[in-house]
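This report refers to the structure that appears directly beneath it.
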Amino acid sequence: MITADRKPFEEIKASVTGYDKIIVLGCETCVAICQAGGEKEAEILASELRLAFGNEGKKVEVNDLHVIRQCDDEFMADPAFLEKVKAADVILSIACGVGVQHACNFFNRTITEKPTRVIPGLNTTFMGANIDVGLWEERCLGCGDCVLERTGGICPITRCAKSLLNGPCGGSSGGKCEINPDTDCAWHLIIERLEVMGELDRIKPVEMYKDWRPSHSGGPRKRVREDLRL
Amino acid sequence: MKSGSNLEKLLEKGEFVVTGELGPPKGTDVEAVKQKAGMLKGNVDAVNITDNQTAIVRMSSIATSKILVDEGLEPTMQMVARDRNRLAMMSDLFGAVALGIKNMLCLSGDHQTFGNHPEAKNVFDIDSIQMIRMVKDMRDEHKVICGDEIEGEFKMFIGAASNPFADPFQYRVHRLAKKVEAGVDFIQTQCIYDMKRFKEFMKQVVDMGLHEKCKILAGVTPLKSVGMARYMAANVSGIIIPEEIIERLKGAGKGNVAAEGIKILCEQIQEVREIEGIAGIHLMAIEWEHRVHEIVEMAGLLPRPKP
């Protein structure tokens, strides 16, 4: 899933100060599962903003709404929902960066009477897994050319701080990465895993230069499935 | 000859070589480089010029190397994968050859979080092992990565590092084997203090015949103080300093620790000379260039041979 953290409250508050009608817009998919931007978080943030502006004697209307996914038109097309969006001065989206941009684009395509202002309430962090209660870790950088079949199912591009393909580097110590004793050395994990599987020979040949074109280095990416296009 | 460098010729002749190290200044102080170079001249066969070591911004390794060439010393230009993509590396290598640099060292590089610009974006387009292959292909195939021909001569003696003290220990020799497969000519190891582990490592190296495919220089660093030893043991990743060495430094008493450190170093040099597969030492006297002459002399390594 895509994970995110809520921005500091003061930063959020500053970004919506000056608007009279605010909608906090939650997203019920990834960011709801990682408890950063779902329905519940939208409600809480709206209450906090009401309280903060109320304490300052400001008359600000803050409501919360949520959709299943802000990264897909079909979940935001409900006319009653769009009427509410139209009535607001600002939409504080607590979706990931994809959702914020897509909602902004969708609202401005759909609501023609006036421009819709959409600003982010989260910092989008990574594509990761829920490792334990309250713990998420990054697992994929979306490099576009998966190497997991030869690295024991552990991604060195993502989990090695230097994205080494022929690791581990000289900073690997006691199974931990040189940059942080709380971070596992990905190559240590890879070696251990391949050893158990009896496949250590897989990483003996030199892994040659990676083609970064399928990654973001090739520019913003687009996926086209002609068979699905109308 | 791969580059015809002093270092290559001496290693080919079977001389026990001594390489030194020089950290460029955090600025433009050419005189500081010349001063350090002067202390190393005649005492070492080649000098590693570090490349923004520990991710702290310094005069570039290529420019500093050129100053050494002009001073009549032979540089080994270090290059890290942290700061350059493949285009910048190859372009800098053309420049290095054009400026008379004949040795280089391929490194991944310390992560930028250690340095003075932890906010920086790193590169790591290719890793140190791929860098070795890249330089080898530039030299032997006369081609850049994409296959385009190189205009003009390209000669380079290719080095890399090996850290027998990092983990997982049993895999370390295989990583060295990959560097050999990639085409490395010489290896300089991380500073050795844990001699037992180093000997175990070298036995694996010799068993695999890697010492016959590349020249291995044992890395040594004098311990200047008990504080430095403790700091390195605790904070420098991939360095193991046995407690008995720290105890020995402490036992030397006030005012005698540095001398004891040099004594320990000379003993270490004698010990590594006895190890099969060791072709020389890489003396990293960090900010102690003024004592290199004394160390090399005490270790019985002067005068340096002529190639």
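Just so it is clear, none of the values below were taken in a lab; they were calculated from the coordinates. All figures in this text were calculated on a predicted structure; none of them were measured in a lab. Ideal geometry is used to build each Cβ from the backbone, glycine not excepted, and the neighbour counts take in all protein chains shown.
What does DSSP give for the range B:56-214 in terms of the percent of beta bridges that are antiparallel, rounded to the nearest 5? About 5 percent, rounded to the nearest 5.
Mean sequence separation of contacting Cα pairs (under 8 Å, at least six apart), scaled by the length of chain B, corresponds to a relative contact order of 20 percent. Compute the Cα gyration tensor for chain B, then decide on rounded, prolate or oblate, letting a ≥ b ≥ c be the square roots of its eigenvalues: rounded whenever a/c is under 1.5, prolate when a/b is larger than b/c in the other cases, and oblate in all that remain. Since a/c stays below 1.5, the shape of chain B is classed as rounded. When both bridge partners sit in chain B, DSSP labels roughly 5% of those beta bridges antiparallel. Computed from backbone phi with θ = phi - 60° and the Karplus coefficients 6.51, -1.76 and 1.60, the 3J(HN,Hα) list for the range B:218-224 is 7, x, 9, 9, x, 8, 7 Hz; x is used for glycine and proline. Beta bridges assigned by DSSP with both partners in chain A are antiparallel in approximately 45 percent of cases.
Compared with the dominant principal axis of the Cα atoms in chain A, helix A:97-110 is inclined by about 40°. Contact order, relative form, for chain A: 17 percent (alpha carbon pairs under 8 Å, 6 or more residues apart, mean separation divided by residue count). Annotation for the range B:89-157: GluC sites (Glu not before Pro) lying in DSSP loop with at most 12 further Cβ atoms inside 10 Å of their Cβ are B:GLU119, B:GLU141, B:GLU151, B:GLU153.
Helix B:86-98 against the longest principal axis of chain B: what's the angle in degrees, Cα atoms only, rounded to the nearest 10? For B:86-98 against chain B, the angle is about 80 degrees.
Each residue of the range B:38-51 is assigned a 3J(HN,Hα), and the resulting list reads x, 6, 8, 4, x, 9, 9, 8, 7, 10, 5, 10, 6, 10 Hz, derived from the Karplus form 6.51 cos²θ - 1.76 cosθ + 1.60 (θ = phi - 60°), x at Gly and Pro. Across the range A:47-171, the relative contact order, built from alpha-carbon pairs under 8 Å that are at least six residues apart, equals 15 percent. The angle separating the long axis of helix B:226-235 from the principal Cα axis of greatest extent in chain B is about 50 degrees.
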